[in-house]
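Notes for the one structure printed next.
Just so you know, all these numbers are worked out from the coordinates, no wet-lab data involved. As the structure is a prediction and not an experimental result, all values here were calculated from the model. Neighbour counts are summed over all protein chains in view; Cβ atoms, including those assigned to glycine, are modelled from backbone coordinates with ideal geometry.
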Amino acid sequence: MPRYVEKLRAPVQLALSGQEPVAGFFSLFPAAEHHEGPETLLERLNAPQRMLPVHRAEDSAFTLVVRERIEWLAAAADTAPELLRPRWFIPTREERVRVRTAHGTTFEGILELEMPHEFNRASDFLNTEGDFFMLATAQGTIFLNKAMVLDVRVYEASPVPKAA
């Protein structure tokens, strides 16, 4: 019989496609599958599971949400950094951007890129495999679903890629 694993609770604001954001908690594994330390919100959002459990704060209901219908998720300001993204994610460049979602929400912030030097543009980073990416904003860390992004305004021109 499978053993129950006590999860870590990460407080979030969650916006599903076309819906008002709701406060709740995401459950994360205390031990990540591919690195030391806990599973992170970025890993959970980019995992292959279609349905993700959310514990709503308003009525204490547990609901399953369709991962690809999550428009954006905001981590609580006091969320521990090790619950945001894996420690091995080391940004090689930052770009100031404005992101507009399909349903009109706009976020301004810093997009941290982790890419080889020959791929140093926001477009290179946003075309990588993961469905979700992080944006550091004045309000805190926002995770955005690439499929729910209408456009991204890059404020500064990207530098010419460095030769290897």
ask   = If you compute Cα extents along the principal axes in Å for the structure shown, which of (i) 58, 31, 27; (ii) 49, 40, 30; (iii) 54, 36, 27 do you land on?
value = (iii)
task = Sum up the charges of everything whose Cβ sits under 15 Å from the Cβ of ASP131, counting Lys and Arg as +1 and Asp and Glu as -1, but leave ASP131 out.
result = +2
ask   = How large is the helix-only mean residue ellipticity at 222 nm for the chain, computed as the sum of -39500 (n - 2.57) over DSSP H runs with n ≥ 4, divided by its residue count, in deg cm²/dmol to the nearest 500?
value = -1000 deg cm²/dmol
ask   = Magnitude of the Cβ-charge dipole of segment 93-154, K/R +1 and D/E -1, about the Cα centre, nearest 20 debye?
value = 300 debye
ask   = With the contact rule set at Cα under 8 Å and sequence spacing of 6 or more, what percent relative contact order holds for the chain?
value = 21 percent
ask   = So which chymotrypsin sites (Phe, Trp or Tyr not before Pro) in segment 1-74 pass both tests, a DSSP loop state and at most 13 other Cβ atoms within 10 Å of the Cβ?
value = TYR4
Point-charge dipole on Cβ atoms (K/R +1, D/E -1) for segment 8-77, about Cα centre, debye to 20 = 120 debye
ask   = Could you give the dipole magnitude of the chain about its Cα centre, charging the beta-carbon of Lys and Arg +1 and that of Asp and Glu -1, in debye to the nearest 20?
value = 160 debye
inquiry  = Within 10 Å of each candidate Cβ there may be at most 12 other Cβ atoms; applying that plus a DSSP loop requirement, which trypsin sites (Lys or Arg not before Pro) in segment 5-66 survive?
reply    = ARG50
remark   = With the charge dipole of the chain built from beta-carbon charges (+1 for Lys and Arg, -1 for Asp and Glu) about the Cα centre, the Cα from GLN139, PRO81, GLY104 projecting farthest to the positive end belongs to GLY104
message = So if a site counts as exposed when it's one of the GluC sites (Glu not before Pro), its DSSP state isn't H, G, I, E or B, and it has at most 14 other Cβ atoms within 10 Å, what's the longest stretch of the chain without one?
response = 59-113
